[in-house]
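Read-outs: derived from the displayed coordinates by stated rules, not from any lab. Source: prediction; values computed, not measured. Cβ placement follows ideal geometry from the backbone for every residue including glycine, while neighbour counts extend to all protein chains displayed.
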Amino acid sequence: MPPCTNPSPDRSLRWRLCCFALAGFVGFAFDAGILTVLVNLGLDARLARLVSFACAMVVTWLINRSLAFGDRVGSDIVAEFLRYLSASVLAALVNLGAFMALVTFGGPFARWPVLGVAIATALSMSFNFWSYLRVVFAPKPGNPDRPA
């Protein structure tokens, strides 16, 4: 899917968020689907998850690059993917760090860890979107985004 480099009109923040969410849902489906197939084929779940996660990362990069941020893609796709990978790893660390802190803090998070997962996921998704918007797919020099 080639990137859309000539949006009309300029992509709004709402459009970018919807495409970002779509990429996340599709990425989850790829991750879960590939994981399930590989485990059913006899691969250890930990190794299968590394493979499925890597596949999902490439899929979400392609969707975000084509839909959400296609008007910002550059010609050096290797550098872009490495920025995407770095931002995604940092977001995963934010997710895990926030979860660990909340559960360690105790209270309702210790009793219902899923609350910690929800808050940590919201924080990491926000970090991910911001880093994709401002770092990974930064506006091209001399062509800043118009306000959404």
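Observations on the structure shown:
- Highest mean packing first, where packing is the average number of other Cβ atoms within 10 Å per residue, the peptides 33-41, 58-66, 73-81 line up as 58-66, 33-41, 73-81.
- Contact order relative to length of the chain, as percent, for alpha carbon pairs under 8 angstrom and 6 or more apart: 29 percent
- Theoretical gain in end-to-end length, Arg14 to Ala110 [0.36 nm per residue, Cα-Cα removed]: 31.1 nm
- Kirkwood Rh, angstrom, the chain [1 / mean 1/r, Cα pairs]: 16.7 Å
- With each label modelled as a point 7 angstrom along the Cα→C-beta vector, the Val58-Val39 pair spans 2.2 nm.
- Over the chain: helical MRE at 222 nm, DSSP H runs n ≥ 4 each giving -39500 (n - 2.57), nearest 500: -23000 deg cm²/dmol
- Label zone at Arg46, where the point sits 7 Å out along the Cα-to-Cβ direction: the range 81-121 residues whose backbone N lies under 12 Å: none
- Relative to the longest principal axis of the Cα atoms of the chain, the long axis of helix 13-40 makes an angle of roughly 40 degrees.
- Shape category assigned to the range 12-73 from the gyration tensor of Cα positions, a/c cut at 1.5: prolate
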